[in-house]
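Enquirer: One structure, as structure tokens, below. Some questions next.
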Amino acid sequence: MDKTNSSWLKTFSIGFSIISFGITIAIVGYFVLATKQNQPSNQPSPTLTTVETASWKTVTLEGFTIKTPNAWKGAYGLSEFPFTPGEIDKTKIYNIIETHRYPTQLYTGYTNRQWFDKINSLQINESYTDQRDRITKITSGKVASGEEYVIFKNEPSESFQGEPATQIKAYVIKEQSIYQFTLSQYNKNGLELFNKVIPTTIIN
């Protein structure tokens, strides 16, 4: 083999090695970059509920505050649509939220903590039934000030004697006090909003 051919082959071999090395670096770099982009960020991102409620108005009640949509009324308790106590049409939707604090025993036979824990220990959509109530857990978590809450559907049991009334309730517990929120005469939109209102609670 003459010197010309030998030199050409040597040059070709070096060039091919450089190109192959460059391609390898490019492929490795691509996969490293793709892996980093797919890794979850360590920075917490706000939940959809937090974003949606950020611009809501703050309502101050006895011992706590909550946020509600700006259009909601507060003359006789909180509601999406105005109503007058004693003149409520039971066929209409108002999405009424009533609040009450129970510093001592709320449910016969249980301390407030025991009663809260009994409901909160249910699985989502699991029910507890006694002679008076059928309680079905909807969701649970912590409110803005850090206390636990549980939201559930409260309907009369089959053995209950009286006027049936299905309500959505939420308990927020602080020490032995239960803060009860009751949603009545509601529709699907009212239930969705109720589930967003409760986590905004700040207990003073």
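Enquirer: So which strands (runs of 3 or more DSSP E) stay within segment 111-158 end to end and still have 1 or more residues that are closer than 14 Å to K169 by Cα, out of contact with any His (no Cβ under 9 Å at 6 or more places or on another chain) and of a type in the set (A, V, I, L, M)?
Expert: Numbers: elements: 127-129, 133-142, 148-156.
Output list reads 133-142, 148-156.
Enquirer: Here's something else I'd like to know. Out of S159, S145, S121, report the one residue that is exposed (fewer than 15 other Cβ atoms within 10 Å of the Cβ), assigned by TED's automatic domain parsing to the domain that holds K73 and either without any contact (Cβ under 8 Å) to a residue 12 or more places away in the chain or basic (K, R) (or both). Please lay out each step first, then the result.
Expert: Working: S159 fails: either without any contact (Cβ under 8 Å) to a residue 12 or more places away in the chain or basic (K, R) (or both); S145 fails: either without any contact (Cβ under 8 Å) to a residue 12 or more places away in the chain or basic (K, R) (or both).
Within the list S159, S145, S121, the selection yields S121.
Enquirer: Write out, first by first residue and then by second, each pair whose Cβ atoms fall under 6 Å of each other, whose residues are 6+ apart or on separate chains, and whose first residue, in segment 186-204, is among the hydroxyl-bearing types (S, T, Y) while the second is part of a helix (DSSP H, G or I).
Expert: Sorted first by the residue in segment 186-204, then by its partner, the pairs are T200/T53.
Enquirer: Continuing with the same structure: Taking segment 150-198, which residues are under 21 Å from W115 (Cβ atoms) and basic (K, R)?
Expert: Selection gives K153, K169, K174.
Enquirer: Take the residues in segment 49-87 that are aromatic (F, W, Y) and modelled with pLDDT of 85 or more; name whichever of them is farthest from T201 (Cα to Cα).
Expert: Initially, segment 49-87 is screened for residues aromatic (F, W, Y), giving 56, 64, 72, 76, 81, 83.
In the following step, the residues that additionally are modelled with pLDDT of 85 or more were identified as 56, 64, 72, 81.
Values: W56: 12, F64: 7, W72: 16, F81: 21 Å.
Among those residues, the one meeting the criterion is F81.
Enquirer: Which one is modelled with the highest pLDDT among residues in segment 164-199 that are small (G, A, S) and surrounded by fewer than 19 Cβ atoms within 10 Å (Cβ to Cβ)? Give the derivation first.
Expert: Of the residues in segment 164-199, the ones small (G, A, S) are 165, 170, 177, 184, 190.
In the following step, the residues that additionally are surrounded by fewer than 19 Cβ atoms within 10 Å (Cβ to Cβ) were identified as 165, 177.
On the way: A165: 74, S177: 96.
Applying the filter and picking the extreme gives S177.
Enquirer: What are the residues in segment 60-81 that are under 15 Å from Y186 (Cβ atoms), in a loop (DSSP other than H, G, I, E, B) and without any contact (Cβ under 8 Å) to a residue 24 or more places away in the chain, if any?
Expert: Correct list: W72, F81.
Enquirer: Tally up the residues in segment 87-105 that are in contact with a strand residue (DSSP E or B) (Cβ under 8 Å, 6 or more places away or on another chain) and over 21 Å from G77 (Cα atoms), please.
Expert: Count: 0.
The values are calculated or read from the model by the stated rules, or taken from the named source; none is laboratory data. Everything quoted here is computed from the prediction, not taken from an experiment. Ideal geometry is used to build each Cβ from the backbone, glycine not excepted, and the neighbour counts take in all protein chains shown.
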